[in-house]
Amino acid sequence: MTAVPTVTLNNGVTMPQLGFGVFQVPDPETAAAVSHALEVGYRSIDTAAIYGNEVGVGQALASSGIARDDLFVTTKLWNSEQGYDATLRAFDASMDKLKLDYLDLYLIHWPTPARGLYTDTWKAFAKLAADGRVRSVGVSNFQPNHLTEIVEATGLVPAVNQVELHPRLTQEPLRAFHAEHGIVTEAWSPLGQGKGLLDDPAIAAVAAKYDRSPAQVVLRWHLQLGNVVIPKSVTPSRIAENLDVFDFELADADVAALSALNVDSRVGPDPDTNNEA
Ligand code: NDP
C-alpha cells in the first residue's frame, strides 16, 4: 500500500500531504466513496459542515477498522456559525455527526470579512485547541491581511491555510507569505475541478512524457511545491489513480512548465468579497 509522505505543522503535528476531498458528494454516497479511499490507502479526509456529509464521513471512518491515531480528519466551520459561542456550538455539532472524540484539523471556512467575526471565531478555535478537542487549528481562504489580524489578536498562528490553488492559480505571493510565517499551504480544487484544466495541451504534453495521466502530473506538481493536496473523486479508478503519484518525479523544467500556466484565474469565489452566509 502507498505510503503518503507527511508534512509537519507549526505545532509538531504531522499531516498526510495527500488526502481525500468530499465537496459536492451527497451524504448517501459519501460513506462508499470515503470507504473506497480508505481501502486504497488514503488516511486524510477533508469535509466541512456545509458539505452536509459529515455523517457519511463518520460512518466510513467507524466501519473502516482503521485505528483513530492513523486517521487525519479535517472539517470546517461554516460562515453563518462564526462568532465565539456559535463556533463552540458548531464544533460540537460537527463532532456529533462525525462521531469522533477529537478532531485533527478544524478550519474557519471563509473569512467573510463583511461580518467582522473572524477574529472572535479564531479565539474560539484557540480555546478548542487549548482544551484538546482539536489537535491543530487553521483557516481557509484567508488573505495575508486576515492572517495578520488573527495572529496579532491572539498570538496563535494558523497551522494551515487551505486555499484555491492549481496551475491556473498558483498563488505565489500567498505561498511566500505562508512560508515566511510557518503556515502550511493546502490546495483546494487542486485539479481545478477536473474539466478544462486537465484538458490543457501543456499538461497533456507533460503527462505523455511521464506516461501518467494529466491529474497525476498536476498532483505531482503540487507535491513538489510542498503543497498539501485533497483531490476529490467519486470514481473508484480515479480515487486510486490520484493516490498513485509517489513513484515518479517531475523534472524542474516540467514543474516550471505547469507553473507557467498561471493566469490568476479562480474556479471559486474571491475571499475578499465572498460574504455568503
Ligand atoms: P478537484 O480539483 O479535486 O476536482 C474534482 C473533479 O475532478 C471532480 O469532477 C472529479 O470527478 C474530477 N477528477 C478527480 N480525479 C480525476 C482524475 N484522476 N482524472 C480526471 N478527473 C478527475 O475539485 P474540488 O473542488 O472537489 O476540490 C477538492 C477538495 O477541496 C474538495 O472536495 C474539498 O474537500 C476541498 N474544497 C475546499 C474549499 C474551501 O473553500 N475550503 C472549496 C472547494 C473545495 P469525479 O468525482 O466524477 O471522478
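Applying 0.36 nm per residue to the separation of D69 and D252 and subtracting their alpha-carbon distance, the gain on full extension is 62.3 nm. Overall shape of segment 151-223 was characterised from the C-alpha gyration tensor. The equivalent ellipsoid obtained from it has semi-axes of 30, 11, 9 Å, in decreasing order. Paramagnetic label reach from A176 (point 7 Å along Cα→Cβ; backbone nitrogen cut-off under 18 Å): within segment 205-225, residues 225. Taking label points 7 Å from Cα along the Cα-to-Cβ direction, K209 and V157 give a separation of 3.5 nm.
Considering only G58, G132, G83, the mean-square fluctuation computed in a Gaussian network model of the chain, springs between alpha carbons under 10 angstrom, is largest for G132. With 10 Å bins beginning at zero, the pair-distance distribution over Cα atoms of the chain amounts to 7, 31, 37, 21, 4, 0 %. Site pair N10 and N274 shows an inter-label distance of 2.2 nm when each label is modelled 7 Å from Cα along Cα→Cβ. Annotation: amide H of T6 within the under-5 Å range of Q17, sequence separation 5 or more or interchain, hydrogens built in the peptide plane.
Suppose every K and R has +1 on its Cβ and every D and E has -1 on its Cβ; what is the size of the dipole of the chain about the Cα centre, in Debye to the nearest 20?
Working: 20 positive and 34 negative charges, 45 e Å.
Charge dipole of the chain: 220 debye, to the nearest 20.
Rounded to the nearest 500, the helix-only mean residue ellipticity at 222 nm of the chain stands at -12500 deg cm²/dmol, with each DSSP H run of n ≥ 4 adding -39,500 (n - 2.57). In a solvent-free Debye calculation with one equal scatterer on each Cα, what is log10 I(q)/I(0) for segment 85-169 at q = 0.26 Å⁻¹, listed in the order of the q values? Log10 I(q)/I(0), no solvent term: -1.38.
Which residues make up the longest stretch of the chain clear of GluC sites (Glu not before Pro) that lie in a DSSP loop with no more than 16 other Cβ atoms within 10 Å, not counting the sites? Before the final figure, lay out each step's value.
Details: sites that count: E249, E276.
So the longest stretch without any such site is 1-248.
Here is the size of segment 63-111 from its Cα atoms: Rg then Dmax, 12.0, 36 Å.
DSSP beta bridges in segment 12-259, what fraction antiparallel, as a percent rounded to 5? Let's see the in-between values first.
Values: 1 of 25 bridges.
Beta bridges within segment 12-259, antiparallel portion: roughly 5 percent.
Once both labels are positioned 7 Å from their Cα atoms along Cα-to-Cβ, the gap between E39 and K123 label points is 4.8 nm. Counting only trypsin sites (Lys or Arg not before Pro) that sit in a DSSP loop (anything but H, G, I, E, B) with at most 16 other Cβ atoms within 10 Å, what is the longest stretch of the chain containing none of them? Here the longest segment lacking exposed loop sites spans 1-98. Note on Y84/N262: beta-carbon distance plugged into 1/(1 + (r/R0)^6) with R0 of 51 Å gives a FRET efficiency of 0.85.
Amide H contacts for F20 (H built 1.01 Å from N in the peptide plane; partners 5 or more residues away or on another chain; cut-off under 5 Å): S44, I45, D46.
Over all distinct Cα pairs, what is the inverse of the mean 1/r for segment 118-255, reported as the Kirkwood hydrodynamic radius in Å?
Values: mean 1/r = 0.0610 Å⁻¹.
For segment 118-255, inverting the mean 1/r across all distinct Cα pairs yields 16.4 Å.
Under the Kirkwood approximation for Rh and a Cα-based Rg, what ratio Rg/Rh is obtained for segment 212-260? Spell out each step's value before the answer.
Working: Rg = 10.9 Å, Rh = 11.2 Å.
Radius of gyration over Kirkwood radius for segment 212-260 works out to 0.97.
Where a number appears in this text, it was derived from the coordinates with a stated rule and is not lab data. Everything quoted here is computed from the prediction, not taken from an experiment. Cβ: placed from backbone, ideal geometry, glycine included. Neighbour counts: every protein chain shown.
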